[in-house]
1. FRET efficiency for A88 and R177, Cβ-Cβ distance as r, R0 = 30 Å, nearest 0.05?
2. So, with +1 on the Cβ of K and R and -1 on the Cβ of D and E, and no other charges, what is the size of the charge dipole of the chain about its Cα centre, to the nearest 20 debye?
3. Sticking with the crude label model, points 7 Å out along Cα→Cβ, report the distance from R74 to S104 in nm, one decimal please.
4. Got the relative contact order for the chain handy, in percent, Cα pairs under 8 Å and 6 or more residues apart?
5. Nearest 20 debye, what's the magnitude of the dipole of segment 32-111 about its Cα centre given +1 on Lys and Arg Cβ and -1 on Asp and Glu Cβ?
6. Could you tell me what % of all Cα pairs in segment 48-202 have separations over 18 Å?
7. Using the Cα gyration tensor of segment 107-185, with a ≥ b ≥ c the square roots of its eigenvalues, what is the shape: rounded (a/c below 1.5), prolate (a/b larger than b/c) or oblate (neither)?
8. Quick one, can you get me the convex hull of the C-alpha atoms of segment 52-138 expressed as volume per residue in Å³?
Amino acid sequence: MTHPQSPSCASGPAAPPPPVTAGRPPELLRLSGGLRLCRRRPGHAPALNRALVANLDHLRPWMPWASEAPTMARTVELTRAGTAAWEAGTDFLYLAGLAEEPGSVVGAAGLHGRIGPGALEIGYWVSERHVGRGIATAAAGALTEAALALPGIARVEIRCDEANAASAAVPRKLGYRLDRVSEAAVQTPGQTGRQLVWVLER
């Protein structure tokens, strides 16, 4: 997963990014096997914080934000920012849960408007305890469909480090094509600096 750069303050406060679409994806996606993706809200902060803390070692090789355990206050701040981004039409963040584990967070996924007009990037992670169950593939598949149904969106991308074989398997299974391999700054212990860019177009 990549992250947007911090806005420059050289010329005063940065303007909020423009919406990437006039539409909004469904707030709840029910998938097979009891999997559900629900829009992330501030009320989810306690369950999300527990999931993040429990999976730090699992996520640290690939996720820059997993370098240290988030405080509850920080998680609340992030969920509020995610709510604002949804309402602004720039990012659409979800939590993954299973019917067999009500109230728990087994992963997260999102549509991110950080790759230019007419396109959304999908990011995802799954808790270590639930790896191998197809959760990331099912979530990314549902979000691909939801993204391409939005007005003005004609392309979806999934980006991951070349060494992250598990993450790269997801777009491959979903019929994405490998568009290019680009150079990227190394931000985590597992990254090589070679980023795979997978693309699926309407």
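1. Values: r = 30 Å, r/R0 = 1.01.
Calculated transfer efficiency: 0.50.
2. So the magnitude is around 280 debye.
3. My value for the distance between the label points is 2.5 nm.
4. 21
5. Details: 8 positive and 7 negative charges, 27 e Å.
About 120 debye.
6. 60
7. oblate
8. Numbers: hull volume 10.4 nm³, N = 87.
So the per-residue hull volume is 119 Å³.
The values are calculated or read from the model by the stated rules, or taken from the named source; none is laboratory data. Computed from a predicted model, the values in this text were never measured in an experiment. Cβ coordinates were reconstructed from backbone atoms using ideal geometry, including for glycine residues, and neighbour counts include every protein chain displayed. Heavy atoms of the whole protein, side chains included, go into the accessibility calculation; ligands, DNA and RNA do not. Shrake-Rupley method; radii C 1.70, N 1.55, O 1.52, S 1.80 Å.
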